[in-house]
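The values are calculated or read from the model by the stated rules, or taken from the named source; none is laboratory data. Note that the coordinates shown come from a computational prediction; the quantities given were computed from them, not determined experimentally. When we count neighbours, we look across all protein chains shown, and the Cβ atoms used for this are built from the backbone with ideal geometry, even at glycine. SASA here: full protein model, heavy atoms, side chains in, ligands and nucleic acids out. Shrake-Rupley method; radii C 1.70, N 1.55, O 1.52, S 1.80 Å.
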Amino acid sequence: MTLAPYACDPARTRGRRHPEAAPPTRTEFQRDRDRIVHSTAFRRLVYKTQVFLNHEGDLFRTRLTHSIEVAQLARSIARPLELNEDLVEAIALAHDLGHTPFGHAGQDALNACMAEHGGFEHNLQSLRVVDKLEERYPDFDGLNLCFETREGILKHCSRANALALERGEPGGVGRRFLDRTQPGLEAQLCNLADEIAYNAHDIDDGVRSGLITIEQVAQVPLFGRHHAATVREYPQMQGRRVLYEAIRRMLSAQVYDAIDATQAALERSRPADADAARALPPLVRFSEAARAEAAQLKSFLFQDLYRHPRVTDTTAQAQEVVRELFERYLAQPQEMQAGFASRQDTPRAVADYIAGMTDRYALREHERLTGRRLLAG
Ligand code: MG
């Protein structure tokens, strides 16, 4: 792998919070990726909702397949830019580890439950998972990942949370939210790859679900252009292949646009190394035109898919499940597994416990504790 001077170099990592000997055959970032793949939280992603609940169909994206798609796109963009592919893969595979069951509905409900106790934020939770909650190693909690991987996982952070992080780890991953600087280019890239991935796969899942039609999405210029070109070139083609081909073309166009626009930004500013890139405005980007088109697609998906009555109906039930679980465990911590039940910081322990659940485990626990079955598959 050829690395540009502004890429994160594993040989010059800012290191791990608990010092460890360098791995003999892998780079530090490959080791991070491998630790993430072997974690319990990673396996749970397969039963966590992306947009559509697990039991609504076997072919919808889950948090796991979404994360794998983000990793694929991020690596495709990283290689020609000579950014660190191993690091983008590690960040992408870990970026959603802190998500609650039931997607954003679950996160919103848990955040509301935690309003008096410091709130709940899924990016910060992803960091908690890799820093504290995974229990696999004899000498430390968490996975003890490199700074660069952790900075990529912490995509957003409130000022209050950044201050708390800074107190525990001066000059650490919270710092940039106080300084208002950027993360490394690999972290910037994962954010963009995340957006490319979900815009594309939510069209696929949305049409598959029947909540939106291909004709409707074709009204959105970004998708419409590739859809029209597909139909022009293959007038006989029918059904799902038209959708797949249009999405494939749209994905490729966005990937190439991001590579070109980022390359141009890098050539203009020529950061000497990874730290110089962190001090500049964001460099990983779409062109202006592509950014505007992606935003249009995103707002279409918001209006017509994420706020579709059938989605919001399940949202309301999912929030009820999370809320009622929270109330029960708060009142009766002994209902949680021993490691959580014995913690002194009960509200946070409850939030960690619920956030770690898969959709179906949360539903089973809810039924056990309340006798009511919601969102039955
Ligand atoms: Mg994501």
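Using the Kirkwood formula on the Cα atoms of the chain, what hydrodynamic radius do you get, in angstrom to one decimal?
Result for the chain, one decimal place: 21.8 Å.
Under a 5 Å amide H cut-off, with hydrogens placed 1.01 Å from N, Arg14 pairs with Phe147, Glu148 among residues at least 5 apart or on other chains.
Comparing Cα centroids, the stretch 68-101 and the stretch 168-202 end up 11 angstrom apart. Accessible surface area normalised per residue over the chain is 46 Å², counting heavy atoms of protein chains with a 1.4 Å rolling probe. Its DSSP H runs of at least 4 residues, each contributing -39,500 (n - 2.57), put the calculated 222 nm mean residue ellipticity of the chain at -18500 deg cm²/dmol, to the nearest 500. Extension gain for Ala11 to Thr370 (0.36 nm times residue separation, less C-alpha to C-alpha distance): 124.0 nm. The distance between label points at Thr25 and Tyr361 comes to 3.2 nm (points 7 Å beyond Cα on the Cα→Cβ vector). Over all distinct alpha-carbon pairs, what is the Kirkwood Rh of the stretch 21-93 in angstrom? Hydrodynamic radius (Kirkwood, Cα pairs) of the stretch 21-93 is 13.4 Å. Placing unit charges on the Cβ atoms of the charged side chains and taking the dipole of the chain about its Cα centre, the candidate lying farthest along the positive direction among Ala265, Ala71, Leu325 is Leu325.
Quick one: grab the alpha carbon gyration tensor of the stretch 279-349, order the square roots of its eigenvalues as a ≥ b ≥ c, and give me rounded if a/c is under 1.5, else prolate or oblate depending on whether a/b is larger than b/c. Oblate is the answer for the stretch 279-349, as a/c is 1.5 or above yet b/c matches or exceeds a/b. With a/c under 1.5 counting as rounded, go ahead and sort the stretch 225-377 into rounded, prolate or oblate using the C-alpha gyration tensor (a ≥ b ≥ c being the square roots of the eigenvalues; past the cut-off, prolate if a/b is larger than b/c, else oblate). In terms of gyration-tensor shape, oblate. When you restrict to C-alpha pairs under 8 Å that are six or more residues apart and normalise by the size of the stretch 134-286, the relative contact order lands at 23 percent.
For the stretch 57-114, the average shadow cast by the Cα convex hull is 5.0 nm², which is a quarter of the hull's surface. Compared with the alpha-carbon gap, the fully stretched path from Gln219 to Arg343 is longer by 39.4 nm at 0.36 nm per residue. Over the stretch 81-124, the fraction of Cα-Cα pairs per 5 Å bin, rounded to whole percents and listed from the shortest bin up, is 5, 21, 20, 16, 12, 10, 8, 5, 2, 0. Among Thr315, Tyr353, Cys8, flag the residue with its Cα farthest along the positive direction of the charge dipole of the chain, charges on Cβ as +1 for Lys/Arg and -1 for Asp/Glu. It is Thr315. Distance between the modelled labels on Ala4 and Leu330, one decimal in nanometres: 4.8 nm (7 Å Cα→Cβ projection). Sequence-distant contacts, meaning Cα pairs under 8 Å at least 6 residues apart, place the relative contact order of the chain at 21 percent.
What a 1.4 Å probe finds exposed on the chain is 50% carbon and sulfur by accessible area, rounded to a whole percent. Taking every alpha-carbon pair under 8 Å whose residues sit at least 6 apart, the stretch 253-295 reaches a relative contact order of 55 percent.
Couplings 3J(HN,Hα) for the stretch 311-320, derived from phi with the Karplus relation 6.51 cos²θ - 1.76 cosθ + 1.60 (θ = phi - 60°), are 6, 5, 5, 5, 4, 4, 5, 4, 5, 5 Hz, where x marks Gly and Pro.
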